[in-house]
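Below is one structure, written out as structure tokens, with a few remarks after it.
The values are calculated or read from the model by the stated rules, or taken from the named source; none is laboratory data. Model, not experiment: these values are computed from the prediction. So basically every Cβ, Gly included, is an ideal-geometry build from the backbone, and we count neighbours across all protein chains shown. Calculation scope for accessible area: heavy atoms of the full protein, side chains included, ligands and nucleic acids excluded. Shrake-Rupley method; radii C 1.70, N 1.55, O 1.52, S 1.80 Å.
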Amino acid sequence: MNYTSVNWHEIEQKFNNINAQLLDSSLDMGKRVPLLKEQSHLAQILEKYNEIKKFELEINNLSAQREKEQDIELISLYDDELLNLRLAIEKMSSDLEELIFPPNELDSRAVFLEIRAGTGGQEASLFAGDLLRMYTNYAIKKNWQVSLASESETDLGGYREVILHIKGKGVFGHLKYESGVHRVQRVPLTETSGRVHTSTATVAVLPEADEVDININPADLKIDVYRASGAGGQHVNKTDSAVRITHLPTGVVVTCQDDRSQHKNRAKALKILQSRLLVAEREKQQSEISQKRKEQVGGATRSEKVRTYNFPQNRITDHQIDLTLNKLDHIIDGDIDEIINALMAKDKQTRYQNPLLVLKN
């Protein structure tokens, strides 16, 4: 790490200011809790930095003693000790980087992954089904739990909209880069002249909200129940089990008809609504502080084209990192680790190139 690029005096000053604020007995709990969290974060940073400086001083002292030493065996002992100290500093420096440039705190969350058919009619709906298979297979390969939260099928087996609920270790951290427009280029089954068509589907990856993240006032909700229907409009049951929830202050609408139980559909719809409102709140906060670091939640809007799937040439291109691979047949079956890992590496590099994030608040 380049320590000259970090203003350690400013970090210490901020840490002391927070300590002073926390001593104020009149500080309400709403302000105290985030301050305690920030205090803990800064304390870890300063502790790790001071530990590194201590080791660096020890290296300087040992190096000076080594230069004066004549005994070959003692010189060898000095070299071993210096090597151990340098390896320890390397590990502590890596830990310090993660503290100074922390990843998204939502990276460990489960997600609701929404896929919607875009332009292209039935072909777009079929492509949405391909993306559903890709993400489902990927989740299974990662040993994540994946289930359907909601779906709206078409007559040909495609999807107008489908929502997956994926739970596991680091799910949002892996999938957050998928949000945006996915474009497919291929010859549709109904195309007799062999002409390649271009269609799209949109993907939105929402970190699952905790109860403490978003507090929804029941008075702000308009809840409608209706009879669920399957592909082509056929009724899949004879009871009003489907649920539509409208959040009146924001106009956000969520529907769920996947389960035959109205109670279960309502619970699922509320969870999805909470996650959408959490993302909206995060985007608002990031806009207010003009954060330059481009994170998935705030940066990868659905209007951005993130990836192109060219079936005739078996080629896939991720436009976020300009990565092209000629193995679309494997990737569409869920083997997308190579792309995901490259996106995660790029995100880490971007974080490390930005100013000290802990001082941006």
Pairwise FRET efficiency - GLU97 versus LYS327, Cβ, R0 = 30 Å, nearest 0.05: 0.35
Cα-based reach from LYS327 at 19 Å (exclusive), listing aspartates and glutamates while leaving out same-chain residues under 8 positions away: ASP130, GLU178, ASP318, ASP335, ASP337, GLU338
Under the classification rounded if a/c is under 1.5, otherwise prolate if a/b is larger than b/c and oblate if not, where does the range 23-130 fall, given a ≥ b ≥ c as square roots of the Cα gyration tensor eigenvalues? oblate
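Of all accessible surface on the chain at a 1.4 Å probe, what whole percent is carbon and sulfur?
Numbers: 9620 of 19370 Å².
With neighbouring chains kept in place, the figure for the chain is 50 percent.
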Connecting every pair of Cα atoms under 10 Å apart in the chain and solving the GNM, the largest mean-square fluctuation among LYS271, LYS169, LYS31 falls on LYS31
Taking a threshold of 23 Å on the Cα-Cα distance, which of the pairs LYS48/LYS68; LYS167/LYS305; LYS222/LYS271 fall above it? LYS48/LYS68; LYS167/LYS305
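If you take the Cα atoms of the chain, find Rg, then find the Kirkwood Rh from the mean of 1/r over all pairs, what is Rg/Rh?
For the chain, the value is 1.09.
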Residue with peak Gaussian network fluctuation, the chain [Cα springs, cutoff 10 Å], from GLU97, GLU105, GLU208: GLU105
Whole number in Å², please: accessible area per residue of the chain, 1.4 Å probe, ligands, DNA and RNA not counted. 54
If one puts a single equal scatterer on every Cα of the range 28-89 and applies the Debye formula without solvent, what log₁₀ I(q)/I(0) results at q = 0.26 Å⁻¹? -1.00
What figure, in Å² to the nearest 10, do you get for the accessible area of VAL33 with a 1.4 Å probe and non-protein molecules left out? 80
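About its Cα centre, how strong a charge dipole does the chain have in debye, to the nearest 20, once Lys and Arg get +1 and Asp and Glu get -1 at the Cβ?
Values: 47 positive and 53 negative charges, 332 e Å.
Once rounded to the nearest 20, the dipole reads 1600 debye.
Which FRET efficiency, nearest 0.05, do ARG160 and TYR352 yield, Cβ-Cβ r, R0 35 Å?
Taking R0 as 35 Å, the efficiency between ARG160 and TYR352 is 0.30.
Among the helices of the chain (complete DSSP H runs), which have Cα atoms covering no less than 20 Å along the helix axis and a Kyte-Doolittle mean of at least -0.5?
Values: long enough: 8-22 (21 Å, -1.01); 29-68 (59 Å, -0.84); 72-100 (41 Å, 0.29); 122-141 (29 Å, -0.05); 262-288 (39 Å, -1.21); 337-353 (24 Å, -1.00).
Passing helices, by number: 72-100, 122-141.
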Using heavy-atom solvent-accessible surface (probe 1.4 Å) with all chains present, what is the largest-first order of TYR78, TYR309? TYR78, TYR309
Between ARG260 and LEU27, what length comes free when the chain is fully extended (0.36 nm per residue of separation minus the Cα-Cα distance, one decimal in nm)? 79.0 nm
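Over 19 Å between Cα atoms: which of LYS53/LYS91; LYS37/LYS91; LYS37/LYS169 fall into that group? Mind showing how you got there, number by number?
Values: LYS53/LYS91 13 Å; LYS37/LYS91 24 Å; LYS37/LYS169 23 Å.
Exceeds cut-off: LYS37/LYS91; LYS37/LYS169.
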Could you compute how much accessible surface SER63 exposes when probed at 1.4 Å, giving the result in Å² to the nearest 10? 40
Using just the helices of the chain, give the 222 nm mean residue ellipticity in deg cm²/dmol: DSSP H runs with n ≥ 4 each add -39,500 (n - 2.57), and the total is spread over all residues, rounded to 500. -15000 deg cm²/dmol
Could you work out the Kirkwood radius for the range 90-178, taking every pair of different alpha carbons, averaging 1/r and inverting it, reported in Å? 14.6
Say each of ARG315 and ASN50 gets a label point 7 Å from the Cα, pointing the same way as Cα to Cβ; how far apart are those two points in nm? 5.7
Given the Cα-Cα distance of ARG66 and ASN217 and 0.36 nm per residue of separation, how much length would full extension add, in nm? 47.4 nm
